[in-house]
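Since the structure comes first, as structure tokens, the remarks are kept for the end.
The values are calculated or read from the model by the stated rules, or taken from the named source; none is laboratory data. The structure presented is a predicted model; accordingly, all values stated were derived computationally and were not measured. Here the Cβ positions follow ideal geometry from the backbone for every residue, glycine too, while neighbour counts run over all protein chains shown.
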Amino acid sequence: MAVATHAPRRPGPVLVGSAAVVAAWVVCAAFWPHLVPYDPDLQAPADRFLPPGPDHWLGADHYGRDVLSRLVAGARPVLVVAPLAALVSVAAGTALGLLAGAVRGWFDGLVMRLLDAVVVFPVIIAAVLFIALLGRSAPVLVLVIAAAFVPLVTRSVRAATLVEREKPYVEAARLRGEPLWSLVVRELLPNVRGTVLVEATTRLGDAIFAAATLSFLGLGQPPGSPDWGSSVADNRLWLQLAPWTVLAPALAIGSLVVAVALLTDRLRRQLGRS
Amino acid sequence: MTAGPVKGGPVAGGPVMPPGLVVDGLSVAYPAGPVLHDIRLAVRPGETFGLVGESGCGKTTLGYLLGGHLEAGGRVLGGRVLVDGVDVLALRPAALRRWRASHVAFVHQEAASSLDPTMRVGRQVAHVLRAQGLPRQAVAARARELLSRVRLPDVDALARRYPHQLSGGQQQRVVIACALATRPRLLVLDEPTTGLDASVQHEVLGLLTGLATELATAVVLVSHDLPLVGQACDRVGVLYAGRLVEVGPVGEVLAAPAHPYTVALLDSAPTLGVPRAARPLATIPGRPPRPGETGAGCRFAPRCPAAVDACRSAEPALAELAPAGAALVPSGGHAVRCLRPGAVGRAAPGARPAPAGRPGPVLLQVRGLTRRYGRTVALDNVDLTIHHGEVVGLVGESGSGKTTLARAVVGLGPPGEGDVLLDGQELPARVTQRSRQLRRRVQMVFQNPDTTLNPEHRVRHILHRAIRTLRGHDDVPALARRAQLDDDLLDCLPARLSGGQKQRVAIARSFAGSPSLVVCDEPVSALDVSVQAGVLETLARQRDRTGTSYLFISHDLAVVGYLADRVAVLYRGVLVEQGPAGQVLAGPHHPYTARLVAATAPTAAAPAFVEPAPVDPAGDGPGCRYASRCPYRIAGRCDRVAPPAVALDDGHLVRCHLDPASLPSAAWLAPGSPAAAARPG
Amino acid sequence: MRRFLLRRVAAVPATLLGVSLMVFLATDVLPGDVARTVLGREASAESVAALRHELGLDQPVYLRYLHWLADFGTGSWGTSYTLHVPVRDLVLDRLGQSLMLASLAFVLLVPVALALGVLAGLGEDTPVDWVISGVSLALGATPEFVTGVVLLVVFSVELGWLPASAQTSPGDGPLVILSHLVLPATCLVLLCTGYVARHVRASTVLVVASPYVRAARLRGVSGAQLVRRHVLRNATVPATSALGVQLQFLLGGLLVVELLFNYPGIGALLLASATAKDLPTLQATAMVLGVLYLAVVLLADIAYRLLDPRVRLDGEG
């Protein structure tokens, strides 16, 4: 009946398992040329639609390419694009949010108006338009995803900054005449660190989601890439014939996003507790 | 009366218990350690019992437990809580719920949070009545009756409002109406007036105790504020480290405290009208034990000036002071848990000090200062002067503009009309426009100790930055030592410090550049009484040593009177009075000052109650802002014409239409009055 | 409230202009010659130039924008380059299809998410909570095409219970239509339920721990009454804003789900027209989706303010 003040820790295996899944995919992304049994692009017409078996553990697709090899190699595109997009958006958003929150005045007004304008526009439509405009490539993908996330990061960091800047320790620093950069770097940044950290992991998960979805929509990686989202889109035509070719990359995406989400959740709890 | 036998937990057998509340040998532990030990007390119907202690002493746990509520992880190790003979802790959940619905009521601090924010207040009262089983048709009328009984104005309109549309005092009255709806047999008040202004506090408390007597309810008032308990209660119990160390009739305990801790508590609280020069506050060395810190002997012994070896070896029992008639449960007598009761006496007030020497030249001059937030006028044409080496106390209720004035002086507020001059030199409105020299000379100590220090920086770094940017000449350890900070605290993060230590660091920080003026905005209001005394002492010593002037802001008249040479009174943005501290407090003074003084008075000397009319900040006429609440108002004049500033004598200004001869005064505070010197806290 | 409404509604035309400008600029500077796209690779330079003139592509940008805006405002949205049908009929028909799917998802989503969230919040840190929180966390993080593929493989390929395509033929009865909509709608529901349920859970936990619920408890109010009177309302108010955010996801989800299930909705149309550089269709689709999105966000915002008396009615928009 009473409210528990100390939540008992969740079972540890969840945390260990999620970390292991993320680590495994990172290893695949980094070292796939040494890990794959076949060249992911090697077409073997004889093996077309071969179901999972001893030669091809996860079967083969409509070109006879090894599904497992493409799966391992496909970790790289998403694990390059998503962390980069998260990094760019968090760096830009933190800088903007801190400055807008610390300076206030016309600068804050301008930044917030601009971000409101971006936020009010449905991201997915913008992404479709921009990628149609700029073409499909990894850098475009990073930019589009980061641009969509910057307003969200900026808002959180600015909100945290506004809370901190009203606290007496910041006012005391202003009273003794600390310059703006010192206020931002010495006083504010260390105290919005938690918000930035949570934003970083949240945006990483969202960026994986967005990169996979855009690839699936045919707006991400260039055609022929072993990227998971593209593979699902390409292979879904043969869903009835060879479901494993669709299921494998789909489950790979699922395992990565769920693991990242669990880690983010844990981090947020940890920070919320301290 | 809804009182009746409650199924599920009548006391089986045993002696017939007296009506009202009986706590019998109650002991409670949390996972961290024991919090309550062998609590015994009894409260008769219609009686008000005050439970006093500092934070962490277990008083809130005890308060909740009287209603059968224990935070998760807590365990009752032994003992009973009986209300009209019902063993509350033995009730099963369903029976406990039925019993609570009809027998007990709670009022907590911060009423705003005890009301559902999305429900109109009328409905919330109605829900309580419906839970009583009152028929639907009767609910509306009874709810109206309850709301008018707690003296809320315009009940019908008010019942349709949401909690956030009411003032703090009104919210607390709605909570009281909910509490009284059950006609409870036991009423638990947990710091019911903390956060309310002194004058409102006074009214709310009077209302509560009056209604409780009328309903013959046993009342337990949990509070950290001994003088407040002195005003409102019949009997008082003092808690220290989970033990009842002293219990007795309130007059007896306050006049002749027997336990050294009670004595220390009383001596550490400032008394209205007794300045520091007459009686410096006592500080209690050390800190109270935390839950789980066990030891043999009396728990207060490590901090007790009268402790002997025997005190450290065995814990004394709670025993009646009068040798005759020791009862199982202390029911009326004066009992104390001490081997040497009465060994420590109250500090005697010293001789009245000679009037302070002539004040130095003018340091700070505030001229015609006006500040607005939107349409609200926060400060209206304020003039204030502070001399070199002088402490000027600034009092007023919340929203009176105290903090706006403080921030305008240090340069943190929004700009507006009027000038602030330091030694005749104009201070720019924004701190960023001030020269390094001016910034160094005007510094500030803030209210909340928990946010006043950057949680990411160690104390040494905090003080080092202050010395660097303010071009101070001290080194860090010297600066810290002058603020009574031990060297080993320098390498701690703020989270490791106590509230008092944090405020000392803040004081040291403000003194890093040898300031001429330090603005102290409620520097002790978040601290326990005994800690407050230490911080006030630090401030006083720094002033004595450096001759720095203070603008000292507080809602607590006694604290201001303790430290200040002169006092200024702010009412809704208007400075209604300023002058030498003794004269402002004792009067003749402004009717509003009279109200503040009466609210802080240990005796019930309150002026006639006038319900404040709804305040429309935008619609203030040219008349006196206090007119709508003033019992002395002259109809047709006070509400039409702005009052003049009348000089009484010696720099004592009162902004009032009343003839100086008919201004109210608090005679018992008059300088030289024997009552003022001898009166106990 | 009135001031807030006025301000918000007054901001709509400006936002719409911004959206239209963005749509126009993005589509207008799309690489590739529209006239050549329409006529095909073998067309002569003269006929391409003639078509450019006919389409007004040789005029300055701002003139073209104003013409386009005027045309759009008066309802002449042009003819699809690729499908050769009036764009207005095409887009509105597809919009209707999408709205049907989205409404079905929304109707399923709200009660499920609220119930799960409140249930988990009331049983904070019990096994019920762990399961609900864990599952909703995982579902909320998983792209809808991943859950969609799994659903398809299980219910369509392996079990053969439900059709793999959401496309229906004219004349199908409501039950058949519904059977085609079940999988795509479930896909959308699964994604959004996780997010909304987690919000509801968080606010339920806060409400349960709040002093006013404790006060009600100490007055002897029973658990069921507590939930009905205090928890439900106070916990679902913040969820309204979460639902508002979800509508954006729902919109993005429509694109994905319509593509995956071959559903003839407006999302699929947006993608197809962007890929085919079918400008009039792309512009109209983007504009219609933009308007729809703005309207929905506005509605969610107003609903939130109506439900919560504390929100300052004239505060920040």
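The sole residue among A:Glu166, A:Glu171 that is within 13 Å of chain B (Cβ to nearest Cβ), within 30 Å of B:Arg471 (Cβ to Cβ), at pLDDT below 90 and surrounded by fewer than 23 Cβ atoms within 10 Å (Cβ to Cβ) is A:Glu166.
The set of residues in segment B:468-516 that are more than 12 Å from chain A (Cβ to nearest Cβ) and aliphatic (A, V, I, L, M) comprises B:Val476, B:Ala478, B:Leu479, B:Ala480, B:Ala483, B:Leu485, B:Leu489, B:Leu490, B:Leu497. Count of segment B:491-534 residues, restricted to those that are buried (at least 19 other Cβ atoms within 10 Å of the Cβ), among the small types (Gly, Ala, Ser) and at positive phi, is 0.
Screening the candidates B:Ser55, B:Ser148, B:Ser114 for the property of being touching a helix residue (DSSP H, G or I) at 6+ places or on another chain (Cβ under 6 Å) and surrounded by fewer than 17 Cβ atoms within 10 Å (Cβ to Cβ) yields one hit, B:Ser148. Residues of segment B:445-457 include none that is surrounded by 18 or more Cβ atoms within 10 Å (Cβ to Cβ), in contact with a Lys or Arg (Cβ under 9 Å, 6 or more places away or on another chain) and more than 12 Å from every other protein chain (Cβ to nearest Cβ). Among the strands (runs of 3 or more DSSP E) confined to segment B:510-601, the ones with at least 1 residues that are under 19 Å from the mean Cα position of the chain (by Cα) are located at B:517-521, B:549-553, B:566-571. Among the residues of segment A:189-234, those that are over 15 Å from the mean Cα position of the chain (by Cα), in a helix (DSSP H, G or I) and surrounded by fewer than 24 Cβ atoms within 10 Å (Cβ to Cβ) comprise A:Leu189, A:Pro190, A:Asn191, A:Arg193, A:Gly194, A:Thr195, A:Ala233, A:Asp234.
Taking segment B:380-404 as the range and being farther than 22 Å from B:Val597 by Cα and outside any strand (DSSP E or B) as the test, the residues that pass are B:His388, B:Gly389, B:Glu390, B:Thr404. Taking the residues in segment C:98-110 that are in contact (Cβ under 8 Å) with a residue 40 or more places away in the chain and surrounded by fewer than 22 Cβ atoms within 10 Å (Cβ to Cβ) as candidates, determine which candidate is nearest to C:Ala274 (Cα to Cα). Only one residue fits best here, namely C:Met100. When A:Leu237 is tested against the conditions (1) closer than 19 Å to A:Tyr63 by Cα; (2) more than 10 Å from every other protein chain (Cβ to nearest Cβ); (3) buried (at least 19 other Cβ atoms within 10 Å of the Cβ), the lone failure is (3). Per the listing C:Leu175, C:Leu159, C:Leu183, the residue uniquely of a type in the set (A, V, I, L, M, F, W, C) and touching a residue at least 12 places away in the same chain (Cβ under 8 Å) is C:Leu183.
Scanning segment C:103-140 for residues that are more than 13 Å from C:Ala202 (Cα to Cα) and not in a helix (DSSP H, G or I) turns up just one, C:Thr126. Restricting A:Leu219, A:Leu189, A:Leu214, A:Leu204 to those that are at pLDDT 85 or above and closer than 19 Å to C:Thr275 by Cα reduces the list to A:Leu214. Which numbered condition in (1) closer than 26 Å to B:Gly374 by Cα; (2) within 9 Å of chain A (Cβ to nearest Cβ); (3) modelled with pLDDT of 90 or more is the only one that B:Thr432 fails? That leaves (3) as the condition not met. If you scan segment B:146-166, which residues turn out to be at pLDDT below 85 and part of a helix (DSSP H, G or I)? Of everything in segment B:146-166, those that are at pLDDT below 85 and part of a helix (DSSP H, G or I) turn out to be B:Arg149, B:His164, B:Gln165. A count restricted to segment C:173-205 and to residues that are away from every other protein chain (no Cβ under 14 Å) and surrounded by 13 or more Cβ atoms within 10 Å (Cβ to Cβ) stands at 13. Per this entry, B:Arg142 is counted among residues that are more than 8 Å from chain C (Cβ to nearest Cβ) and over 17 Å from B:Val188 (Cα atoms). Within segment B:119-145, the set of residues being surrounded by 15 or more Cβ atoms within 10 Å (Cβ to Cβ), not charged (D, E, K, R) and not in a helix (DSSP H, G or I) comprises B:Met119, B:Gln132, B:Leu134. Looking at (1) touching a helix residue (DSSP H, G or I) at 6+ places or on another chain (Cβ under 7 Å); (2) in a loop (DSSP other than H, G, I, E, B), which is the one condition that is false for B:Val35? So the condition that B:Val35 fails would be (2). Specify the residue that is nearest to the other protein chains (Cβ to nearest Cβ); the eligible residues are those in segment C:110-140 that are among the small types (Gly, Ala, Ser) and under 14 Å from A:Val14 (Cβ atoms). It comes out as C:Ala138. Only one of the listed residues (C:Gly223, C:Gly252) is more than 14 Å from chain B (Cβ to nearest Cβ) and either surrounded by 21 or more Cβ atoms within 10 Å (Cβ to Cβ) or more than 25 Å from C:Ala14 (Cβ to Cβ) (or both). That residue is C:Gly252.
Specify which of the listed residues (A:Leu247, A:Leu271) is within 14 Å of chain B (Cβ to nearest Cβ) and modelled with pLDDT under 90. None of the others qualify; the one that does is A:Leu271. For segment B:440-454, the set of residues classified as of a type in the set (Val, Ile, Thr), in a loop (DSSP other than H, G, I, E, B) and either at positive phi or touching a residue at least 40 places away in the same chain (Cβ under 8 Å) (or both) consists of B:Thr452 only. Residues in segment B:225-272 that are acidic (Asp, Glu) and either within 18 Å of B:Pro341 (Cα to Cα) or in contact with a His (Cβ under 7 Å, 6 or more places away or on another chain) (or both): B:Glu246, B:Glu252, B:Asp267. If you check B:Ala378 against the conditions, is it away from every other protein chain (no Cβ under 14 Å) and surrounded by 22 or more Cβ atoms within 10 Å (Cβ to Cβ)? Here the answer is yes, as B:Ala378 does meet what is asked. Any residue at all in segment A:68-87 that is outside any helix (DSSP H, G or I) and charged (D, E, K, R)? There is no residue in segment A:68-87 that is outside any helix (DSSP H, G or I) and charged (D, E, K, R).
Condition (residue is within 26 Å of A:Asp265 (Cβ to Cβ) and more than 14 Å from chain B (Cβ to nearest Cβ)) applied to segment A:176-193: is it met by at least one residue? Checked against the condition, which is being within 26 Å of A:Asp265 (Cβ to Cβ) and more than 14 Å from chain B (Cβ to nearest Cβ), segment A:176-193 yields no hits at all.
Select from segment B:331-368 the residues that are basic (Lys, Arg) and under 24 Å from B:Pro316 (Cβ atoms) and write down the one among them that is modelled with the lowest pLDDT. It comes out as B:Arg346.
Here C:Gly75 does not fit the description of being more than 13 Å from chain A (Cβ to nearest Cβ) and at pLDDT 85 or above.
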